[in-house]
Structures are given as C-alpha cells and as structure tokens.
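Undergrad: Please see the structure below; I have some questions.
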Amino acid sequence: MRTYLLLLFCAALYGSNFVLGSLLLEAFPALHLSAYRLLVSSAFLLIYLVATRGLAKITFRDFVYLVPFVLIGMLLHQVSFFTGLRTTDATTASLILSLAPIFTALFARLFLKEPLTKRMVAGSIVALTGVFFVVGTGGRMSRAITEGVWIMFICMLALSGSMILMKKLTERMDAFVATVYTTVLGCISVYPVAVWSEPNVQLQPHFWWWVLLVGSALLIQGLCAVIWNAQIRKVGAAKASLFLNLQPFVAMILGYITLGTPISLTQVAGSVLIISGVVLATMQGQRTRKTEDDTLKISSAKR
C-alpha cells in the first residue's frame, strides 16, 4: 500500500506538471524555463547521488545509448514539451502524452522485437479514437489540429523513444544513475539551444515565480525521479505505468481550477477512451510478461 500511495503521489505531480508549465510560461521563455528546471533538478539529483552512492564511471559503450537518449529523451522532449504548451492547453497536452505507453509498445515491437498482441492493437485503436475526440471540434479535424497539437505529438513520440533507449541503457547501468547522468547531460544540451533560439532575454519575474520554478523542478523532476525509480523496482514498470493514466484527469481538474480551462464533453469522452485504451494495452503487457516469467520458471524447474 505504501508503494502504491507513493506512485499515486508521483502520478499526481506529473499530471500537475502540465498546468505548472503553462503557468511558468507566463513569466519565462519556453526553452529558458526548461533549462532552468533541468539545472535545478540536475543539481538535486547529482548531490543525492554523490551523498548516497558516489559517482559511477561511464564507459565509451555507455555513451552509445547516453547520447541518443539525451538528444531524443531530453533535448527534443523538453523543447517540444514547453514549446507545445505555449499554444496547447494543459488538458489536451496531457491526453496526447498519455498515448506514450502504446507507442512505446509499438517501438518495442519494431526495435526490441517484443511481442505485439491483438489486445495491444485494439487498445491502440481505442486510444487513438479518444485523441480524435479531444482535438476535434464538431467533427472537423483539419481546423482543430493546431501547430501546438502536432508539437505535443512529437513530444509524445520523443518520450516513447526515450523509454526504449532507457531500457537499453539500464541494461548497462543502474536506473537511478542513468537518470542522474541523462538529466545532467540534458541540462548541458538544452541550455545552449535556449540561448541560441531565445537570445537577449531579460528576465524580471517576480520572486514567487522563481519559487514556483525551483519548487516544481525539485518535486517533479527531482524528488519524483528518486521515488519513482525506487518503487518501480518493487512493482515493475508495467504496473507502475498504470498510475500515469491519472495524469490527464489531474491536468484537467487543475487546469480548470487554476487556468480556467473549460472542460468539454468531447474532452471527457476522449479522455475515457484514451485511458481505457492505454489500460487495455498495458494490462495485456502485464499478462504477457507474467506468462513469460512462468514459462522461464517451468523451464528452470525442468533443468
């Protein structure tokens, strides 16, 4: 129960990240905001790593997966996330990113040769139908799909691709160590892009904007990373990912309360379809892995 409560806590904070990001964009340029938050979370994670475990050596073969992950999972993901939030409301953004588990499974089939079941395909169709409900207005999709929506799709694909790369990376090093190093390298990669694309930025936000920025970075990108990586070892990645399905509901409620973002019936219907499709696909993945584990145990017993 303690593990599930901690995962629920992380999922709620991850869902609030869409609303907090939209709020912070009122005071900070998009890429500078990403760089500052990565700087805060990198410092926190690095200090935590040194204090608890000490620095680990990185080999040349580690960089084979570290570099692509940083470019896709950090640079592309961070840039597209905050850029997309400038023109997309938090609710729509969270619903689009909730498709990540399904596209991760599709990428795993293509690049890792993991099985793709009929139930996974059915879940994908249901979830994608939900997306059409969310971004559609009066059935006329061409008018509803804005540039921000496409950018959030790119963000979702970058997130899915990073999960594949992280799986390969964690085969070589501890998951938390990989999280720390990728966050630090991500900060190093994002900051030059922010300075180049948003030059001559004169920041004069109120003191409380900085408090919100530092607090959200420490909680969401720092503390949640530590908690999530610790609990995922106990329940497994598949079961833990189910808690991420709560993100759209958190973003929808907080967006309505803090930003005044209206909630339409099509968004509610779309969110139900998306969450149903993702849960359908993810639960099947759990059963598949359980069957594989049982098969391995039987094989071991026979030996």
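The values are calculated or read from the model by the stated rules, or taken from the named source; none is laboratory data. Note that the coordinates shown come from a computational prediction; the quantities given were computed from them, not determined experimentally. So basically every Cβ, Gly included, is an ideal-geometry build from the backbone, and we count neighbours across all protein chains shown. Side chains included, ligands, DNA and RNA excluded: accessible areas come from the protein's heavy atoms. Shrake-Rupley method; radii C 1.70, N 1.55, O 1.52, S 1.80 Å.
Undergrad: Starting from the Cα gyration tensor of segment 93-135, take the square roots of the eigenvalues, sort them a ≥ b ≥ c, and report rounded, prolate or oblate (rounded when a/c is under 1.5, otherwise prolate if a/b is larger than b/c, else oblate).
TA: oblate
Undergrad: Not counting ligands, DNA or RNA, and with a 1.4 Å probe, what is residue 206's accessible surface area in Å² rounded to the nearest 10?
TA: The accessible area of residue 206 comes to roughly 110 Å².
Undergrad: Points 7 angstrom from Cα along the Cβ direction at residue 61 and residue 129: gap in nanometres?
TA: 4.6 nm
Undergrad: Rank-order 256-265, 65-74 by packing density, defined as the average count of other C-beta atoms within 10 Å over each peptide's residues, highest first.
TA: 65-74, 256-265
Undergrad: Still on this structure: If the chain between residue 210 and residue 171 were fully stretched, how many nm would it gain, using 0.36 nm times the residue separation less the Cα-Cα distance?
TA: 10.3 nm
Undergrad: Any chance you could run the full-extension gain for residue 4 through residue 227? It's 0.36 nm times the residue separation minus the Cα-Cα distance, nm to one decimal.
TA: Here the answer is 79.2 nm.
Undergrad: Kindly report the accessible area of segment 1-121 per residue (heavy atoms of protein chains, probe 1.4 Å, no ligands, DNA or RNA), in Å².
TA: In whole numbers, segment 1-121 has 46 Å² accessible per residue.
Undergrad: What does the C-alpha gyration tensor say about the overall shape of segment 1-153? Classify as rounded when a/c is under 1.5, otherwise prolate if a/b is larger than b/c, or oblate.
TA: Verdict is oblate for segment 1-153.
Undergrad: Turning to a different aspect of this structure: Using 0.36 nm per residue, how much length does the chain from residue 272 to residue 25 gain when fully extended, once their Cα-Cα distance is taken away?
TA: 86.1 nm
Undergrad: Still on this model: For a Förster distance of 51 Å, can you work out the FRET efficiency between the beta-carbons of residue 234 and residue 263, rounded to the nearest 0.05?
TA: 0.90
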